[in-house]
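Worksheet: the structure to be examined is printed underneath.
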Amino acid sequence: MRTLLYSSQTYDRDSFLSAQVPAAIELHFQPARLTLDTVALADHYPVVCAFINDDLSAPILERLAAGGTRLIALRSAGFNHVDLPTAQRLGLSVVRVPSYSPHAVAEHAVALILLLNRHLHRAYNRTRDGDFTLHGLTGFDLVGKTVGVVGTGQIGATFARIMAGFGCQLLAYDPYPNPQVEALGARYLPLDQLLEQAQIVSLHCPLNEHTRHLINIDSLYRMQRAAMLINTGRGALVDTPALIEALKSGQLGYLGLDVYEEEAQLFFEDRSDLPLQDDVLARLLTFPNVVVTAHQAFLTREALGAIAQTTLDNITQWAAGTPQNLV
Ligand code: NAD
């Protein structure tokens, strides 16, 4: 079965070729992102394998279906970028990788907390420049601090477990409380109360019509002054211009982002020789208390291996008429 992998980087190629590729699956790696300009490359491919910043809106799905595609195999857990009603109308099956390594993402969220709190990004540059002073690098102990976890599914629960290990007090918000998180001593509260009480807030809920701009100017001003916000979920969970306002006034003390509302045009590409055209991101990057990573929270060897193997299994099961992990 001819399978075209859009947005495939060298690490995708390595992980898929190291997995057990069934003889029936023929993999073709395409570095380009799936857009209206590149969709014709998928003609005569029954399977298209897509990642988070590939465009799976209605016009693209219609073009894919017309070219003979029958299955969209997502290499991600999130599926907010797929127009599902259109896929259904066209008879396109959509499968995903619901879980590959919650540890990869949860541990990256913790890495952002430690980096921001202890100003490691600044310390790294300072010592390399021969500046061994410590002014401006004062952090805080994590033990005893209150951490708010928004979304306590697989990643949020793993994150909560790690923060409990630091001796933090846990607050949680999720329409479906997780008994494993309650067992850690977490208290489930309405979102507003969580925001008012937490010194660190980390977002781990999916992006949908209920969660778009969940964090906006009002919610930012509900938070404790100089609190820390971490977003490894999806960019549009937060209203980015509102973050800039809250950072300028000092209301928001620290910001760690692995995802950005407008990331599709930027992330996963080397644009270091070009002027940055995105003024919002450019302003964000000027703050010393902001760290942005380019959607790399998933990027561990273990997660990549699990993504490759589950995707291959998803394609095999779909071809056998017993689909799994359907969206
Ligand atoms: P999951 O489905 O296991 O958990 C999501 C949780 O969010 C569920 O418990 C659900 O009840 C809760 N939720 C739903 N609506 C909510 C709302 N309005 N408010 C609060 N909570 C709500 O998913 P997961 O595997 O833990 O992944 C969570 C998200 O992390 C994904 O949707 C994806 O967007 C993101 N993610 C990011 C990366 C990355 O590399 N940065 C990688 C994987 C996943």
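Any idea which of F287, H204, L36 is furthest toward the positive side of the dipole for the chain, if Lys and Arg beta-carbons carry +1 and Asp and Glu beta-carbons -1?
H204
In the stretch 102-292, how does Rg compare with the Kirkwood Rh, expressed as the Rg/Rh ratio over alpha carbon atoms? Walk me through the numbers on the way to the answer.
Working: Rg = 16.5 Å, Rh = 17.1 Å.
Expressed as Rg/Rh, it is 0.96.
Considering the Cα positions of the stretch 83-131, please state its Rg to one decimal place and its Dmax as a whole number of Å.
Values for the stretch 83-131 (Cα only, Rg and Dmax): 20.8, 62 Å.
With a Cα-only, solvent-free Debye model of the chain, what are the log10 I(q)/I(0) values at q = 0.08, 0.09, 0.12, 0.14 Å⁻¹?
-0.41, -0.51, -0.88, -1.14
Might you work out the accessible area of S18 for me, using a 1.4 Å probe with all protein chains in place, and round it to the nearest 10 Å²?
100
Would you look at the GNM of the chain, springs on alpha carbons closer than 10 Å, and say which of D131, D239, D258 moves the most?
D131
In units of 2.2 N^0.38 Å, what is the alpha-carbon radius of gyration of the stretch 7-56? Provide the component values of the computation, followed by the final result.
Working: Rg = 11.5 Å, N = 50, 2.2 N^0.38 = 9.7 Å.
Relative to the rule-of-thumb radius for its length, the stretch 7-56 sits at 1.18.
In deg cm²/dmol, rounded to 500, what helix-only [θ] at 222 nm does the chain give when every DSSP H run of at least 4 residues adds -39500 (n - 2.57) and the total is split over its residues? Please report the intermediate quantities before stating the final value.
On the way: 12 runs with 114 residues, N = 327.
Per the formula, -10000 deg cm²/dmol.
Give or take rounding to whole Å, what are the principal axis extents of the alpha carbon atoms in the stretch 34-151, in descending order?
Largest first, the stretch 34-151 extends 62, 34, 20 Å along its Cα principal axes.
The stretch 153-233: which GluC sites (Glu not before Pro) are DSSP loop and have at most 16 other beta-carbon atoms within 10 angstrom?
Details: sites: E182, E196, E209; in loops: E209.
In loop regions of the stretch 153-233 (DSSP not H, G, I, E or B), the sparsely surrounded GluC sites (Glu not before Pro) are E209.
Please list 3J(HN,Hα) in residue order for the stretch 295-302, calculated via the Karplus relation 6.51 cos²θ - 1.76 cosθ + 1.60 where θ = phi - 60°; whole Hz, with x for glycine and proline.
For the stretch 295-302, the Karplus-derived couplings read 6, 10, 4, 7, 7, 10, 4, 5 Hz, x marking Gly and Pro.
Distance between Cα centroids, the stretch 134-171 to the stretch 294-327: provide it in whole Å.
30
On the principal axes of its Cα set, how long, how wide and how thick is the stretch 253-327? Give whole Å, largest value first.
In descending order, the Cα extents are 52, 26, 22 Å.
Could you provide, to the nearest whole Å², the per residue accessible area of the chain with probe 1.4 Å?
Working: 15140 Å² over 327 residues.
Result: 46 Å² per residue.
For the chain, what % of the accessible area comes from carbon and sulfur atoms, probe 1.4 Å? It would help to have the intermediate numbers written out before the result.
On the way: 7910 of 15140 Å².
Here carbon and sulfur together make up 52 percent of the probe-accessible area.
Would you mind finding the longest exposed-site-free stretch of the chain, with exposed trypsin sites (Lys or Arg not before Pro) meaning DSSP loop and at most 16 other Cβ atoms within 10 Å?
Details: sites that count: R118, R212, R225, R271.
For trypsin sites (Lys or Arg not before Pro) (loop position, at most 16 other Cβ atoms within 10 Å), the longest site-free span of the chain is 1-117.
Would you mind counting up the charge near I215? Only other residues with Cβ under 13 Å from its Cβ, with Lys and Arg at +1 and Asp and Glu at -1.
On the way: positive: R212, R222, R234; negative: D192, D218, D239, E245, E261.
Summing Lys/Arg as +1 and Asp/Glu as -1 gives -2.
Which residue fluctuates most in the GNM of the chain (Cα springs below 10 Å): Y260, Y176, Y11?
Y176
The values are calculated or read from the model by the stated rules, or taken from the named source; none is laboratory data. Quantities reported herein were computed from a predicted structural model and do not represent experimental measurements. We place every Cβ from the backbone using ideal geometry, glycine too, and count neighbours over all the protein chains shown. Keep in mind that these areas ignore ligands, DNA and RNA; they rest on the heavy atoms of the full protein, side chains included. Shrake-Rupley method; radii C 1.70, N 1.55, O 1.52, S 1.80 Å.
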